[in-house]
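Here, each number is a calculation from the coordinates, and none is a lab measurement. The model shown is predicted, which means the values in this text are computed figures rather than measured ones. In this analysis, Cβ positions are derived from the backbone assuming ideal geometry, glycine residues included, and neighbour counts consider all displayed protein chains.
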Amino acid sequence: MEPGNMNIAKIIIVTSLTSVIIVLGLAYIGRDFLVGYVDSQRAVPTQEQTMQQTANEQVVATIEKVNPAVVSVVITKDVPVYEQYYESYDPWGIFGGFSIPRVRENGTEEREVGGGSGFIVSNDGLIVTNRHVVEDENARYSVLLNDGTSYKVAVLARDAQLDIAILKIDEPLESALTFVTFGDSESLKLGETVVAIGNALAEFRNSVSVGVISGLSRSIVASDGMGHSEQLDQVIQTDAAINPGNSGGPLLNLAGEVIGVNVATSRGADNIGFALPAHVVKGVVESVKEYGEIVRPFLGVRYAMVTKRIVELNELTIDYGALVISGETKEELAVMPGSPADKVGITENDIILSIDGEELREKDLATVLRSKTVGQEIILKVLQAGEEKEIRVKLEKASN
């Protein structure tokens with residue numbers, strides 16, 4: 001190799017070695033910083049991970065707080081016991097006959113025939129459930145607490161208008177009970193996280209499902225599968241799984257407050273359940289506490305909600321509200337004599353437009369009145385003889 005080429009080769013080798021030494025030196029110097037940076041990236045979760053962890057912790061805290069107040073409702077009943085026996089049969093009396101198997105009733109025995117869910121609303125054992133869970137007046141009912149304690153209960157009231165019933169433990173309590181409180185169901189927003197707890201399939205106690213509010217102010221026709229159905233208005237729709245047996249259990253916000261009572265599922269659709277709003281159920285509970293029964297605030301009018309057809313037939317100047325009208329018979333008066341409505345001068349053909357500023361468009365008169373209380377003074381906006389008036393009226397207790 002020529003001397004010039006040898007010098008170039010030496011320069012390349014020296015330069016390469018120098019570069020390697022520099023790189024290794026820098027790596028040695030920065031090793032602590034590099035290790036620390038990697039560790040810090042592992043230790044610090046992302047904002048999304050932090051939010052998810054916080055949400056999970058809230059759900060767990062909600063469940064731990066409310067679980068002791070959720071009960072399984074057990075339905076028992078005396079059912080016939082049947083036994084098989086053999087009856088001799090010899091129609092001709094020459095062949096010795098033969099035996100025919102028969103079945104006959106031999107007394108009764110108590111059996112568990114169904115179940116549902118409920119939740120405790122007072123430390124002395126007042127419980128909310130669905131009316132259809134305790135519909136059978138010939139059955140006996142008990143509740144099973146989350147810790148396995150069982151108590152017999154009496155049915156204090158079955159609501160004729162809503163699928164709600166109030167139970168009361170009628171045995172001495174071992175200790176004061178954990179109970180839940182009602183939250184604000186009138187300010188709910190789509191997408192809010194909710195938790196449903198109940199006795200799924202009447203077998204799996206205190207089963208939990210989590211979802212969101214997916215609809216508000218729904219109107220549905222609920223059926224018990226036995227030919228009975230009823231219209232439920234202003235219910236909450238959720239995608240939290242509400243399985244058979246969850247009926248009567250609470251729908252909760254993340255503060256652990258009851259915002260609804262699980263009542264129905266949509267047949268033929270996945271993850272669509274419905275709950276009665278808490279503000280309506282709360283009124284039922286307070287009524288039973290005060291009067292020992294479910295009472296309704298009473299206005300005293302017969303009405304039909306204004307529709308396009310009613311507007312056309314009656315040539316009305318307004319397209320919403322509750323039209324005060326009489327029934328088909330002379331006994332079905334438009335305004336009951338001596339009623340709160342009668343006392344303030346409401347008459348037939350008046351149109352009640354709003355109650356306490358809430359226009360009667362999406363909700364009908366009865367639905368709005370259900371949210372009021374006996375003795376409460378409300379303000380009605382009424383279209384009377386072509387003139388809008390504001391009328392104050394004090395609601396009274398409906399007679400049973």
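Can you list the aspartates and glutamates whose alpha carbon sits under 20 Å from that of Lys77, skipping same-chain ones fewer than 8 residues off?
Lys77 reaches Glu105, Glu109, Glu110, Glu112, Glu135, Asp136, Glu137, Asp170, Glu171, Glu203, Asp224.
For Thr329 paired with Arg102, estimate the spin-label separation in nm (one decimal), with each label point 7 Å from Cα along the Cα-to-Cβ line.
Once both label points are built, they end up 5.0 nm from each other.
Where does each of Asp147, Asp184 land when they are ranked from fewest to most other beta-carbon atoms within 10 angstrom?
Asp147, Asp184
Which of the aspartates and glutamates could be linked to Lys282 by a straight reach, that is with a Cα gap under 15 Å, when you skip same-chain ones fewer than 8 residues away?
The qualifying aspartates and glutamates are Asp159, Asp163, Asp184, Glu186, Glu257, Glu290, Glu293.
Would you tally the net charge around Thr317, using a Cβ to Cβ cut-off of less than 12 Å, leaving Thr317 out, and scoring K and R as +1, D and E as -1?
Neighbourhood net charge equals -4.
Estimate the FRET efficiency between Glu390 and Glu192 by the formula 1/(1 + (r/R0)^6), using the beta-carbon distance for r and 30 Å for R0, to the nearest 0.05.
Computed FRET efficiency for Glu390 and Glu192 comes out at 0.30.
For each pair in Lys343/Lys372; Lys168/Lys394; Lys308/Lys372; Lys363/Lys394, compute the distance between the two Cα atoms and list the pairs where it is over 25 Å.
Where the Cα-Cα span goes over 25 Å, the pairs concerned are Lys168/Lys394; Lys308/Lys372.
Starting from the eigenvalues of the Cα gyration tensor, five times each then square-rooted, give me the equivalent ellipsoid semi-axes of segment 70-169, largest first, whole Å.
Computed over segment 70-169, the values are 47, 14, 9 Å.
Once you treat every alpha carbon in segment 247-400 as an equal point and sum by Debye, what is log10 I(q)/I(0) at q = 0.10, 0.11, 0.13 Å⁻¹?
Values, matching the q order: -0.46, -0.54, -0.73.
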